[in-house]
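The structure under discussion appears below in the form of structure tokens.
The values are calculated or read from the model by the stated rules, or taken from the named source; none is laboratory data. What you see is a predicted model; the values in this text were computed from it and never measured. Cβ placement follows ideal geometry from the backbone for every residue including glycine, while neighbour counts extend to all protein chains displayed.
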Amino acid sequence: MNTILKSLKEAVKYWYLPLIVGVLFVVLGIYVFFVPAETYLTLSVLFSISFLISGLLDIYFSILNSKILSGWGWYLVGGLFSTAMGVYLLVNPAISLVILPYVVGFTLLFRSFLFLGFSFELKGLNILSWGNVALTSILGIIFSFLLLISPVATGFSLVVITACVFIFAGISSIALSFNLKKMKDYPNKISSELKAKFESINKQMEEEYENS
């Protein structure tokens, strides 16, 4: 138990990084809601900056927790993918209206699937609020698909769908960060007596392992 408690604390030492990314995405999504469709292309620079920041933070977070989180590799891949898309949009600021929704859609679709996977990891740790991460991730996946299919075919505005994708992706990131914080605080909620018992059991198991 002592090892487990230590691992939980180490795993969520940087729980606020997904929170920063989540707030960034939610703010950007709300901003997109109030942007006319005619100026949609001018947002490519903002999209590139948001993807660059989120990608670099994801890479940093995954490397710091590579020895603790079992899904850190996917988080790293997600960070690299977001960073690559951010660079692509930055290098191609005059990207066409046909391609931009696909870049945004695929980037946030991958991110939504990533957080959906993390939600099941939280479920495995018996964290009751894992469903919040799962629900917002599923909504992010749905709107990402709508963005990729074509807003015209779905009857929704391109701006509205893009805004919803960013907002749900951001909320899922925020929900994940607070769940990681719960993991960090969990060891502190265990009574000292219970901790002592588990530490005694852990020590006994280590001694038996050494003598075997």
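A compact table of results
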read-out: Members of the range 95-115 that are touching a Gly at 6+ places or on another chain (Cβ under 9 Å) and either on the phi > 0 side of the Ramachandran plot or among the hydroxyl-bearing types (Ser, Thr, Tyr) (or both); value: THR107, SER112
read-out: Looking only at the range 82-129, and only at residues there that are of a type in the set (A, V, I, L, M, F, W, C) and at pLDDT below 80, the one that is farthest from ILE171 (Cα to Cα); value: ALA94
read-out: Scope the range 52-76; condition more than 12 Å from the chain's Cα centre (by Cα) and without any contact (Cβ under 8 Å) to a residue 60 or more places away in the chain; matching residues; value: LEU52, ILE53, LEU56, TYR60, ILE63, LEU64, ASN65, SER66, LYS67, LEU69, SER70, GLY73
read-out: Scan of the range 22-46 for residues that are of a type in the set (Val, Ile, Thr) and surrounded by 20 or more Cβ atoms within 10 Å (Cβ to Cβ), ordered by number; value: VAL32
read-out: The range 47-71 - residue that is assigned to a helix (DSSP H, G or I) and in contact with a Lys or Arg (Cβ under 9 Å, 6 or more places away or on another chain) and, of those, surrounded by the most Cβ atoms within 10 Å (Cβ to Cβ); value: SER54
read-out: Output for the range 89-109, where each listed residue is assigned to a helix (DSSP H, G or I), surrounded by fewer than 17 Cβ atoms within 10 Å (Cβ to Cβ) and in contact (Cβ under 8 Å) with a residue 24 or more places away in the chain; value: LEU90, TYR102, PHE106
